[in-house]
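A.B. asks: What follows is a single structure, and I will ask about it in a moment.
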Amino acid sequence: MPFESLQPTLTPQEILALFSDPVRAWWSHKFTSFSAPQLLAIPALHAGKNVLVCAPTGTGKTLCAFIAILDDLLRQHAANALPDTIDTLYISPLRALGTDIQKNLT
């Protein structure tokens, strides 16, 4: 299905409500909206689906994947259910993407 024919299933407010409190607060402080790829991918990622996001550079693909991972880790931690093992391994495909992630974490 071409990207142009996809439609978001949730409103931006509903997507924000999917996030844990710390992630929701951070997102609301840092951003004023979601990009089109984020509107489509975040709900699917939150539901635990495998997602392939193909979109132009600078549209927030990496962030929507990383925020889903971070939100899940924070939820596990809050529930005292974060295992004392490696839970997540994120491998950045390009050095620039790694720099973007570091900037957003800071």
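A.B. asks: Could you work out the local net charge near Ala79, counting Lys and Arg as +1, Asp and Glu as -1, over the other residues with Cβ closer than 14 Å to its Cβ?
C.D. replies: On the way: positive: Arg75; negative: Asp21, Asp71, Asp72, Asp87.
Taking every other residue near Ala79 into account, the sum is -3.
A.B. asks: Which FRET efficiency value, to the nearest 0.05, do you get for Gln7 and Asn50 by plugging their Cβ-Cβ distance into 1/(1 + (r/R0)^6) with R0 = 25 Å? Each step should come with its number before you reach the end.
C.D. replies: Numbers: r = 20 Å, r/R0 = 0.80.
Result of the calculation: an efficiency of 0.80.
A.B. asks: Sticking with this one: What are the radius of gyration and Dmax of segment 29-94, computed over its Cα atoms and given in Å?
C.D. replies: Rg then Dmax for segment 29-94, in Å: 13.1, 38.
A.B. asks: Something else: Once the piece of chain linking Leu89 and Phe31 is laid out straight, how much longer is it, given 0.36 nm per residue of separation minus the C-alpha distance between them? Spell out each step's value before the answer.
C.D. replies: Values: separation 58, 0.36 × 58 = 20.88 nm, distance 2.56 nm.
Gain on stretching Leu89 to Phe31: 18.3 nm.
Values in this text are rule-based calculations from the coordinates and carry no lab data. The model shown is predicted, which means the values in this text are computed figures rather than measured ones. All Cβ positions, even for glycine, are placed from backbone atoms using ideal geometry, and neighbour counts span all protein chains on display.
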